[in-house]
Amino acid sequence: MSMSEASIFWLNTLHDCKLDQSLSLPFDRYRLANEHRTGRTTSISSDFGQDLSHHFVTHASSNNISLEHLTFTIYFIFLFKLTNGQTDLCIAVNTNNNRYRDELKSIVGLFENVIPLRCQLNPHWSFHHLLEHVQKITTNSMKYSYFPLQHILNQHPHISKHAFLDTSLEFISYKTNNNNNAMMIGDSGLVPASSSFYIDEDEIL
């Protein structure tokens with residue numbers, strides 16, 4: 001684990017990135033620039049259904065790619081569409097695989113960090129080209145995900161608002177069983193689940 005190597009990586013990766021500018025996403029209410037944030041969020045999930053889920057998994061397995069990389073690729077395309085063609089996209093990603101030292105592997109608890117994931121795409125790329133690009137940037141970013149977010153932010157002291165944190169994606173894969181606590185609203189089901197997204201002075205727990 002090299003902190004200096006990680007520092008150089010993040011400095012190069014975020015060079016010229018407008019970290020203080022929010023993505024031009026559509027919203028349904030006026031947002032104040034200095035509004036107080038509670039830290040509470042709303043998570044919305046969608047059920048792909050059996051057919052789409054089957055095609056999703058089949059495409060990933062037949063092309064020897066991970067479901068996570070495929071999900072990130074689709075999400076960046078989604079953001080590209082929502083922002084009317086914005087090609088420099090930076091989002092926050094919550095990582096929980098930061099047991100980068102041998103002495104940490106036997107310790108019980110969460111080892112999390114929030115990192116930026118920047119995707120500079122070309123609208124003329126094919127889907128496969130974009131997928132390969134996302135694989136590369138995700139793999140490289142995860143390699144240096146042990147570098148604390150606060151250290152990354154300190155590399156850009158001229159930025160007071162880190163707007164990229166407003167948009168995030170966390171890939172969670174789990175198997176669902178019949179849940180007695182599920183609440184049905186029409187064809188949609190609400191199932192209790194837990195997740196974490198921690199941002200503080202010390203990003204690694």
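The values are calculated or read from the model by the stated rules, or taken from the named source; none is laboratory data. Please read these numbers as outputs of a predicted model, since none were measured by experiment. Cβ placement follows ideal geometry from the backbone for every residue including glycine, while neighbour counts extend to all protein chains displayed.
Tabulated results
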quantity	calculated
Boolean, ILE65 is at pLDDT 90 or above, surrounded by 11 or more Cβ atoms within 10 Å (Cβ to Cβ), outside any helix (DSSP H, G or I) and under 21 Å from the mean Cα position of the chain (by Cα)	yes
Where GLU112 falls short, out of the listed (1) modelled with pLDDT under 85; (2) surrounded by fewer than 17 Cβ atoms within 10 Å (Cβ to Cβ)	(2)
Any hit, region 167-183, residues being surrounded by 13 or more Cβ atoms within 10 Å (Cβ to Cβ), at pLDDT below 60 and not in a loop (DSSP other than H, G, I, E, B)	no
Which numbered condition ALA60 misses (of (1) farther than 23 Å from LEU153 by Cβ; (2) surrounded by 15 or more Cβ atoms within 10 Å (Cβ to Cβ); (3) in contact (Cβ under 8 Å) with a residue 24 or more places away in the chain; (4) of a type in the set (A, V, I, L, M))	(3)
Some residue of region 97-109 being surrounded by 11 or more Cβ atoms within 10 Å (Cβ to Cβ), modelled with pLDDT of 95 or more and among the basic types (Lys, Arg)	no
